[in-house]
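Below is one structure, written out as structure tokens; the observations come after it.
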Amino acid sequence: MKHYEGGKPMKQYCPVCGCEQEVLLIQKEETYPVKGEAITITATVCVCATCGEEIMTFDYDDDNLRKAYAKYRSTHGLLQPDEIKTIREQYGVSQVTFARIIGVGDKTIARYENGSLQDEAINNLIMLAQDPKNFSLLLDKNEHLIAHDEVKRLRETLGRVKVFAVWSNTQSDYTYNFGKETEYLMYA
């Protein structure tokens, strides 16, 4: 049990006591419905130190839901938010540009990077976009949705990856990190 957060006693309004009370943070098993499936996690819950009543807190409830989503993603082979961000950042593009290139709504990637749960089809599309060849095909298809200068920059970046792939003669040498591949080409 945790009684303090950040060195200070935590207080919350307790509906049973009718006033602010110190709260305890406890860990307990809770089950959340995620896409019709029961997902059980070890949740952090606030409990009134005086009467023992569980007290709803948005911060901990949001964290618990994020844990349930993370477990669901892991169970179903879906990308985690930080993995989606890493894939997007390997190309050095904004969330909106990445969304336009892969053909989804402008705010879709921002939602997924912030923890919303993606469906399997979008997840697979993002996974495929991790490969520069697939990303290049999507860029060709949707370049009319991107600023001309950005398309040019991306083609130059993708060109360096293609040169590296031809030079190394194996796809297994891809690290999907343009900075490292560019450095490797410069020093090879």
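The values are calculated or read from the model by the stated rules, or taken from the named source; none is laboratory data. Treat the numbers as computed from the prediction; the structure is a model and nothing was measured. Quick reminder, even Gly has a Cβ in these numbers, built from the backbone with ideal geometry, and neighbours come from all protein chains shown. Side chains included, ligands, DNA and RNA excluded: accessible areas come from the protein's heavy atoms. Shrake-Rupley method; radii C 1.70, N 1.55, O 1.52, S 1.80 Å.
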Net charge, Lys67 excluded, C-beta distance under 12 Å - Lys, Arg +1, Asp, Glu -1: -2
Pairs beyond 31 Å (Cα-Cα), from Lys35/Lys85; Lys35/Lys107; Lys107/Lys152; Lys85/Lys152; Lys11/Lys85: Lys11/Lys85
For Ile39, distant residues with modelled amide H under 5 Å away: Tyr32, Val34
Placed amide H near Ile55: partners under 5 Å, 5+ positions off or other chain: Cys46, Val47, Cys48
Ordering of 15-24, 82-91 by burial proxy (mean other Cβ atoms within 10 Å per residue, highest first): 82-91, 15-24
Portion, in percent, of the accessible area of region 1-136 that falls on carbon or sulfur, probe 1.4 Å: 50 percent
Spin-label pair Gln80/Phe58, simplified geometry with 7 Å Cα→Cβ offset, distance in nm: 2.6 nm
Convex hull of Cα atoms in region 26-120, direction-averaged projection (nm²): 7.2 nm²
